[in-house]
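Trainee: Take this structure, written in structure tokens, and hold onto it; I'll ask about it next.
Readers should treat all values here as calculations from the given coordinates under stated rules, not as data from a laboratory. Bear in mind that the values here come from a model prediction, so they are computed numbers and not experimental data. Note that we place each Cβ from the backbone using ideal geometry, even for glycine, and neighbour counts take in every protein chain shown.
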Amino acid sequence: MVLDYCSKCRMAFMILVLFAVTVGGAGAADVKIGYINSQKILLSCKEWTDVQTQLDKEVAEWDKKAEGMKQELQQLVQELNSQNLMLSEAKRKEKQDILDKKDAEYQQYVTGIYGAGGEGEKRMQELSKPIKEKILSIITRIAEDEEYDFILDEIGMGIIFAKPTFDLTDRILEDLNKETE
């Protein structure tokens, strides 16, 4: 699972949970907390291995295309350097413009595949979503059946499950709205 959490938000929430459990009074003794290791779960899951294999194949294709584009760029640079003295100013500018255009295409391709929010990231999310949903469903079922109040992720240090009764969002918003009136 290793869900994407804001590290500051995660730490603040963990402190609030621990505070509520330790200082919360008589009701705190009844709080039931469990934890998971999402990395271990994923690495032990055959479906996850299949996702990794599929993604590795797609990455290999992307790498192959990027390498071809890079080699073409290198060839254009070599041609320009070797012919530089023999070319007219207009022809040199024309070849430089072609080189610049190819370089921009290469950079755009690499960023579009491997950059933040790129095709690689989107594809990983798409392929892993059904597995993560299945795992979350199992966690939720266990939490509800065995009456856990919170289930934490040892790796992500985030909350995977929490009983809605512990959600203070509406109370905070209500007080906040009162203060702004």
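Trainee: Hey, which of these cross-link pairs are over 18 Å Cα-Cα: 70/101; 70/102; 40/132; 101/122; 40/163?
Mentor: 101/122; 40/163
Trainee: Then there is this: Mind listing the Cα extents of the stretch 48-122 along all three principal axes, in Å, largest one first?
Mentor: Rounded to whole Å, the extents work out to 57, 20, 10 Å.
Trainee: Under 1.5 on a/c is rounded, so check that first for the stretch 104-179, then, if it is not, pick prolate when a/b is larger than b/c and oblate when it is not; a ≥ b ≥ c are the square roots of the alpha carbon gyration tensor eigenvalues.
Mentor: oblate
Trainee: Say each of residue 134 and residue 101 gets a label point 7 Å from the Cα, pointing the same way as Cα to Cβ; how far apart are those two points in nm?
Mentor: 4.8 nm
Trainee: Please state the charge dipole magnitude for the stretch 84-173, taken about the Cα centre, from unit charges on C-beta atoms (+1 on K and R, -1 on D and E), reported in debye and rounded to the nearest 20.
Mentor: With only Lys, Arg, Asp and Glu charged at Cβ, the dipole is about 760 debye.
Trainee: Using modelled amide H (1.01 Å from N, peptide plane; none on Pro or chain starts), what sits under 5 Å from the amide H of residue 155, excluding residues fewer than 5 places away?
Mentor: When sequence neighbours closer than 5 places are left aside, the close amide H contacts are 38, 39.
Trainee: Quick check for you: which residues of the stretch 103-139 have the amide N under 16 Å from the point 7 Å beyond the Cα of residue 32 toward its beta carbon?
Mentor: Backbone N within reach: 139.
Trainee: So, one more: Any idea what the relative contact order of the stretch 48-122 is, in percent, if you count C-alpha pairs under 8 Å spaced at least 6 apart?
Mentor: About 31 percent, as a whole number.
Trainee: Same structure again: Run the simple label-point estimate for residue 73 and residue 55 please: 7 Å along Cα→C-beta, distance reported in nm.
Mentor: So the two model labels end up 2.5 nm from each other.
Trainee: Also, quick follow-up: Going from the alpha-carbon gyration tensor of the stretch 44-181, what semi-axes, largest first and in whole Å, does one get by taking the root of 5 times each eigenvalue?
Mentor: Listed largest to smallest, the semi-axes of the stretch 44-181 are 53, 24, 9 Å.
Trainee: Additional query: For Cα pairs less than 8 Å apart in space and 6+ apart in sequence, what is the mean separation divided by the residue count of the stretch 132-172, i.e. the relative contact order in percent?
Mentor: Taking the mean separation of contacting Cα pairs over the length of the stretch 132-172, I get 28 percent.
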